[in-house]
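Here's the structure we're looking at; comments come further down.
Since every read-out is calculated from the coordinates, none of them should be taken as a lab result. None of these values were measured; they are calculated from a predicted model. So basically every Cβ, Gly included, is an ideal-geometry build from the backbone, and we count neighbours across all protein chains shown.
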Amino acid sequence: MLALVIALGLVLDARRTPTAEPEYVALGSSYAAGAGLGPRQAGSPILCSRSNEGYPPRVARALGLRLVDMTCSGSVTKHLLTGGQFFQDAQIRTLGPQTQLVTITVGGNDIGFVRDLYLLAARRSDTMLGGMVRNLWSGPPSADQRDYGKLERDLVALIRTIRTRSPSAKVIIATYPTVLPRSGTCEALGLSAGDAAVMRQVESQLSTVTQAAALSSGATIVDMNAAGVEHNACSAAPWTKGWGAIAESPFHPTIGGAKATAEAVIAAIENR
């Protein structure tokens, strides 16, 4: 009974909607929410893991914009457009004609990118979780078994709907900062060279599809996948994390990655 009450409380908490004027609306998954980067935004849903150190609050502070942060860990693109995550309505529900800026970082959960990185690293670990993964998981789908076509269609539909709701807004899509090095692997990743090679293809295709959706719908692309090549999780100055405990948000942006993304978004706005 207690577990049911706690679960209901978390779901109701997750449905809370920010009430600020939506000059700037941030949409996306945990990469946009800043999961694991610091204290949770006051009043934000626990399950969404929105941090004050993610890139949207940094952009808002730098530009003096009132932010409505709708990002939520675990989101797929349809959650932004039509809702359904934790019984929430669509993330775009706060957009209006007064909205000046919309940022989007999403897609990794649609194709299982971070999930598979985590499970691949876990199954090589000498832990109880590693044993469970080795016994119960058959391994990741190949790059060509992931539905990139649906992801691209969903992104285009999302951007078109944003333009209908907020016709004056600048729409910026930021790709995921690079996790994997150009070749090989490293201890920080916890992946074999073969596993890293498979996931490198997934990471590259995710960026390609995101850019194609932005191009076909007239959104501005901020390509953190290209910008972060020398700041992968194996580098001396990483913008993404490697393997670690789930509470540490492994394979997600570091503080450095959030700062770099915010700076790139601001540069894209100033160069409009």
Can you compute the label reach from Leu129? Point 7 Å from Cα along the Cβ direction, backbone N cut-off under 11 Å, restricted to the stretch 232-260.
243-251
Taking only the alpha carbons of the stretch 37-137, the radius of gyration and the largest Cα-Cα distance, Dmax, both in angstrom, are 16.9, 53
Report, by chain and number, residues whose modeled amide H sits under 5 Å from the one on Thr240, excluding near sequence neighbours (fewer than 5 apart, same chain).
Ala233, Thr254
Could you list which residues have their amide H under 5 Å from that of Cys186, counting only those 5 or more apart in sequence or on another chain, with H placed in the peptide plane?
Leu191
If unit charges are put on Cβ atoms (+1 for Lys and Arg, -1 for Asp and Glu) and the dipole of the chain is taken about its Cα centre, the option from Gly34, Ala219, Ala169 lying farthest towards the positive end turns out to be Ala169
Testing the spin-label approximation: label points 7 Å from Cα along Cα→Cβ at Thr208 and Ile255. State their distance in nm.
3.7
Span from the the stretch 209-271 Cα centroid across to the the stretch 83-98 one, whole angstrom:
24
The answer for the per residue Cα convex hull volume of the stretch 2-270, in Å³, is 126
Subtracting the Cα-Cα distance of Ala237 and Ser138 from 0.36 nm times their residue separation yields 32.3 nm
Given bins 5 angstrom wide, list per bin the percent of all Cα-Cα distances in the stretch 156-243, short to long.
3, 15, 21, 19, 13, 10, 9, 6, 3, 0
Which FRET efficiency value, to the nearest 0.05, do you get for Ala267 and Gln100 by plugging their Cβ-Cβ distance into 1/(1 + (r/R0)^6) with R0 = 25 Å?
0.90
Would you work out the charge dipole size for the chain about its Cα centre, treating the Cβ of every Lys and Arg as +1 and the Cβ of every Asp and Glu as -1, and quote it to the nearest 20 debye?
460
Apply the a/c threshold of 1.5 to the C-alpha gyration tensor of the stretch 106-258 and tell me whether it is rounded, prolate or oblate.
prolate
Ranked by how many other beta carbons lie within 10 Å on average, peptides 42-51, 158-167 from highest:
42-51, 158-167
Where a ≥ b ≥ c are root eigenvalues of the Cα gyration tensor, a/c under 1.5 meaning rounded, otherwise prolate if a/b exceeds b/c and oblate otherwise, the stretch 75-184 counts as prolate
Can you work out the Karplus-derived ³J(HN,Hα) for every residue in the stretch 224-230? Use 6.51 cos²θ - 1.76 cosθ + 1.60 with θ = phi - 60°, whole Hz, and x for glycine or proline.
6, 5, 6, 5, x, 4, 8
Starting from the Cα of Lys241, draw a straight line to each of the lysines and keep only those under 24 Å, dropping any in the same chain fewer than 8 residues away.
Lys259
Sorting check: for 29-41, 182-194, which peptide has the highest mean count of neighbouring beta carbons within 10 Å, and how do the rest follow?
29-41, 182-194
If I fit a long axis through the Cα atoms of helix 148-165 and take the longest principal axis of the Cα atoms of the chain, what angle between them do I get, 0 to 90°, rounded to 10?
20
Phi angles of the stretch 64-76, converted by Karplus (6.51 cos²θ - 1.76 cosθ + 1.60, θ = phi - 60°) into ³J(HN,Hα) in whole Hz with x for Gly and Pro, give x, 9, 6, 9, 10, 8, 9, 4, 7, 4, x, 5, 10
When DSSP beta bridges are limited to those with both residues in the chain, what percentage is antiparallel, rounded to the nearest 5?
10
If you count, for each residue, the other Cβ atoms within 10 Å and average over each peptide, how do 56-68, 99-111 line up from highest to lowest?
99-111, 56-68
